[in-house]
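Asker: Here it is, the structure, as structure tokens.
The values are calculated or read from the model by the stated rules, or taken from the named source; none is laboratory data. Computed from a prediction, not measured in an experiment: that's the story for all the values here. Note that each Cβ is placed from the backbone with ideal geometry, even for glycine, and that neighbours are counted across all protein chains shown.
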């Protein structure tokens, strides 16, 4: 398995984790992107980026209040400084000994474990396993921007499945979302409206 290393874990729990990283604008991971954390031989945790938080620091505060900042100074601070970026990840499931489970992981990753962006093949492998049970993890937390997060995820997963020749996955995913939200018509309509943007 490959993938792009994006950072290391700062803290984690059963339902998710926070990653610290240094990124430039062009290489920043995207909201809704799937990630994985390999922990030991045959075991890794999958998740979905739900928040990207860029903290300020003393130098940034000084720069924004300065007048006539040159492009060179801006470029130098963006490219040569460690920008404090924290990425929140929602746990979607795990893989153990080749078996994908759409359940909360039995043990979370540890601090300083490396996190990787999933390749399209890894996205297909995880999302295509089982009966889309991981979607309930996305819909469960009321503090998350569920509509937009689900839409961003479905866009990424649909592209990966269709590139691999699976034209039916997206329809199945939408049917599962409808089934999960059948008792919450208002939320269902909001999620479907967001998903119609795909």
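Asker: Being closer than 24 Å to residue 39 by Cα and at pLDDT 95 or above, is that true of even one residue in the range 157-164? Talk me through it step by step, then tell me what you get.
Answerer: Step one: list which residues in the range 157-164 are closer than 24 Å to residue 39 by Cα, which gives 157.
Right, trim to at pLDDT 95 or above and you get 157.
So far as the range 157-164 goes, yes, one or more of its residues are closer than 24 Å to residue 39 by Cα and at pLDDT 95 or above.
Asker: Residues in the range 117-129 that are under 13 Å from the mean Cα position of the chain (by Cα) and surrounded by fewer than 20 Cβ atoms within 10 Å (Cβ to Cβ): how many?
Answerer: Residues that pass the stated criteria total 2.
Asker: Among the numbered conditions (1) surrounded by 14 or more Cβ atoms within 10 Å (Cβ to Cβ); (2) without any contact (Cβ under 8 Å) to a residue 60 or more places away in the chain, tell me where residue 73 comes up short.
Answerer: Result: residue 73 passes all but (1).
Here is a yes/no grid of residues against (1) within 20 Å of the chain's Cα centre (by Cα); (2) under 23 Å from residue 160 (Cα atoms):
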{"residue": "45", "(1), (2)": "yes, yes"}
{"residue": "62", "(1), (2)": "no, no"}
{"residue": "71", "(1), (2)": "no, no"}
{"residue": "78", "(1), (2)": "no, no"}
{"residue": "113", "(1), (2)": "yes, no"}
{"residue": "136", "(1), (2)": "yes, yes"}
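Asker: Mind checking which residues of the range 88-116 are buried (at least 22 other Cβ atoms within 10 Å of the Cβ) and either out of contact with any strand residue (DSSP E or B) (no Cβ under 6 Å at 6 or more places or on another chain) or without any contact (Cβ under 8 Å) to a residue 24 or more places away in the chain (or both)?
Answerer: Hits for the range 88-116: nothing passes.
Asker: For the range 33-59, which residues satisfy the criterion of being loosely packed, with under 15 Cβ neighbours inside 10 Å and in contact (Cβ under 8 Å) with a residue 40 or more places away in the chain?
Answerer: Step one: filter the range 33-59 for residues loosely packed, with under 15 Cβ neighbours inside 10 Å, giving 40-42, 53-59.
Once the filter is applied, which keeps residues that are loosely packed, with under 15 Cβ neighbours inside 10 Å and in contact (Cβ under 8 Å) with a residue 40 or more places away in the chain, the range 33-59 yields only 42.
Asker: Tell me the residue from 62, 25 that is at pLDDT below 75 and on the phi < 0 side of the Ramachandran plot, please.
Answerer: Numbers: 62 fails: at pLDDT below 75.
None of the others qualify; the one that does is 25.
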